[in-house]
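The values are calculated or read from the model by the stated rules, or taken from the named source; none is laboratory data. Everything numeric in this text was worked out from a predicted model, so none of it was measured. A quick note on method: Cβ atoms are made from the backbone with ideal geometry, for glycine too, and the neighbour counts reach across all protein chains shown.
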Amino acid sequence: MESHQRTIRIADFELPRGAVTIEALMAMRRESWEHLRTEINLRRQVDPATPLARCRLCKSGVFIRAQAIKNDHLPMFVHFPEGSKDCPWYEGRNLRPDDARAAQYQGHQESALHRHLCETVEALAKADPRCEHSAVDTYLRPAIHRRGRWPDIYLEMGELGRFALEVQLAKPFAPEIAARHIHYDREGVRLIWIFNALEDPLPQGFHDVVTMQRGNAFLFDDETQIASIERGTLVLKCYLEDGEGGWLEPRLVTLDDLQTGGGRAAFVEDRRSDLLVARSKNCRTLWWRAFQQARQERPNSPFYSTAFTPAWEAVQAQVPGLDEWNTDFWTSRSDRGQVHLAMLFAILCSVAHSAETGTNCVYITKYSGEGAVLAMLNSKLSSADFKHCANLIDSFVRSTALADLADKPSFVRKVGEACDAEEQIASEHPIWQAIACLFPEALDGMVRAELSDLGRLPRWALPEN
């Protein structure tokens, strides 16, 4: 057997994510690959026979290992322990979670400091008159017939709800993090992970906790102990991600400050999905503002306006192949690629805004009233300018709340005729990639799936009930 480790080159995720290469994984923002890592582990706990991601070669389940590098972590695809040892991409023996946990604690899973912190936190929480019951390291029998848990601190806070507090001094393991969140969520108990300090760099296990808590890290230290005594209730220090790899100034919070209705975990402020929603809108907003300006400056031919130049340059920076395509497009069609993309943007904005409002909003062609969106789509699919985009338009429509339009006989016929007439662009084409940058909620499988996981898909991109 070779002494060096191999690397899984491609993992196939369930749709809408699809295939993810190792290069794409390593190029992701930390919060994106951490979300994938979390979802893989959650699926592993709920349905181990149906992994969320599989090795392209051997089809066995894979997870994401965070490999420590200088002051950071590098995500890598790794087979689960039961994966095929004969796979050409098999990367070597994996340490099972139970073995890793035993090695970490060396048979002593609780230190004196950990016990002291647990007892202190429980005493401070119990000082709140709303606390009806509290316990340290007591077996919590589940209401459903599954294995129970021993939460570090268990609290029943009256109308505020039930809480399990896990005081974490050593790095937790990703499978255990997922298992605990699933268990407590099923029981209607809100799980809060509490650190004693934020190390720099932060261990990956702590990053996994922060991912579950949507960009929130909770600390209990000397300052919060004093504040808890003064206020007569448990006070924690909350660090919020700043979106740039650091933290905002910490704030002191109580259990009353936590959002507990979003599932998965308790948190003060959702720093993950809010930023993802904002990033998803950024490029599109730039194009929409340019379109509005163009309509004012050149109402009869807005798509030829120079107002689109900054928006075009922004998407050029995200899609490297767009420059070469622009040159080829001019050679073959005698028109500017910027104009073509602006028109395509107006077509898809018509669909998205109509799906959002429930009314017919058409920004290209003069169709209006009932059925205007369908008429506009059929008209553009019949045009020589957009026949090569029929599959793109069809995929987009099917990813919106107007998906039923894609099954209308006239639309199906127009798409079929366009496909017969011209070779279609595919997802790797620069124009498809550019549109995916403008409408990631519909056409970027990774973004769409993550927003769906977090319950944050916009109304226009929600599938039909």
message = If I filter region 185-218 down to residues being of a type in the set (V, I, T) and not in a helix (DSSP H, G or I), which single residue comes out as modelled with the lowest pLDDT?
response = V189
remark   = Inside region 37-75, the number of residues satisfying the requirement of being in contact (Cβ under 8 Å) with a residue 60 or more places away in the chain and out of contact with any helix residue (DSSP H, G or I) (no Cβ under 7 Å at 6 or more places or on another chain) is 3
Flag for A436 being more than 20 Å from W287 (Cβ to Cβ) and in contact with a helix residue (DSSP H, G or I) (Cβ under 9 Å, 6 or more places away or on another chain) = no
ask   = Among the candidates Q316, Q424, which residue alone is in contact with a helix residue (DSSP H, G or I) (Cβ under 8 Å, 6 or more places away or on another chain), without any contact (Cβ under 8 Å) to a residue 40 or more places away in the chain and in a helix (DSSP H, G or I)?
value = Q316
request  = Would you be able to say whether some residue in region 126-146 is in a helix (DSSP H, G or I) and either surrounded by fewer than 22 Cβ atoms within 10 Å (Cβ to Cβ) or assigned by TED's automatic domain parsing to the domain that holds H35 (or both)?
outcome  = yes
query = Can you tell which of A442, A418 is over 28 Å from the mean Cα position of the chain (by Cα) and of a type in the set (A, V, I, L, M, F, W, C)?
reply = A418
task = Kindly indicate whether S332 is at pLDDT below 90 and buried (at least 19 other Cβ atoms within 10 Å of the Cβ).
result = no
ask   = Of these, T331, T309, which one is without any contact (Cβ under 8 Å) to a residue 24 or more places away in the chain and assigned to a helix (DSSP H, G or I)?
value = T331
remark   = Being surrounded by 18 or more Cβ atoms within 10 Å (Cβ to Cβ), over 22 Å from the mean Cα position of the chain (by Cα) and not aromatic (F, W, Y) narrows L240, L258, L252, L236 down to just L236
